[in-house]
Amino acid sequence: MAISTISTIAGIDFTQPAELVARQLIGVTVLVDGVGGRIVETEAYDREDPASHAFSGPTERNASMFGPPAHAYVYRSYGIHWCLNFVCREEGHGAGVLIRALEPVAGLDLMRQRRDAEDVWLLCSGPGKLCQALGVTRALNGMALALPPFALLPAVPGLEVVAGPRIGISKAVDVPWRFGLAGSRFVSRPFR
């Protein structure tokens, strides 16, 4: 596990509340070993949020979510696919941002091979898809976002961000902590 004390990356201070970081991550480019794209959809989770993995306190599975900010929290969803989160707030708090969708920009051939899909929309339009396309596994859990294999590049200023309820949860369903790039065709589901 690569530990770093750097908490500001790509112009974003990861010690802020998850809902602020989630909004600010829209438009940031994330690369894993040079493969990735522009973040177009995120969801925020906090330990006070009943939909969050951190709500019941630290466990072996969610320990990275309570670790230092600007690190990865990777978990298996429904025992099927990996999900990539960026840890926020101070160490011990338990907050993070789920990276829900990317607009693929780097390493498209490798993404297509990993996903066995030609259509660029099918590569990263959901958290499990993007982890498969980027080669994200539990091995990256706890890794610093400021160090390889990760690279985060700042967003272009002036992007319009939309918000709405999160997807696929059964608690706190009305909390508007899902954020997306307005008009992006790469989000997992359209915003209403």
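Structure summary
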| read-out | value |
| --- | --- |
| Coordinate range along principal axes, alpha carbons of the chain, Å, largest first | 41, 37, 36 |
| Positive-end residue of Leu98, Ala144, Leu130, charge dipole of segment 8-181 with Cβ unit charges | Leu130 |
| Summed side-chain charge close to Gly168 - residues other than Gly168 whose Cβ falls under 11 Å, Lys, Arg +1, Asp, Glu -1 | +3 |
| Charge dipole (debye, nearest 20) of segment 88-161; +1 at Cβ of Lys and Arg, -1 at Cβ of Asp and Glu | 220 debye |
| Three-way shape label, segment 107-175, alpha-carbon gyration tensor, a/c 1.5 | rounded |
| Positive-end extreme of charge dipole, the chain - chosen from Gly107, Ser77, Val35 (charges on Cβ) | Ser77 |
| Structure-based [θ]222 nm, the chain - -39500 (n - 2.57) summed over DSSP H runs of at least 4, per residue, nearest 500 | -3500 deg cm²/dmol |
| Most mobile listed residue (Val136, Val28, Val120) in the chain, GNM with C-alpha springs under 10 Å | Val120 |
| Amide H contacts under 5 Å for Val35, placed H, 5+ residues apart | none |
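Rule-based calculations on the coordinates, nothing more; no lab input. What you see is a predicted model; the values in this text were computed from it and never measured. Please note: Cβ atoms are built from the backbone with ideal geometry, for glycine as well, and neighbour counts cover all protein chains shown.
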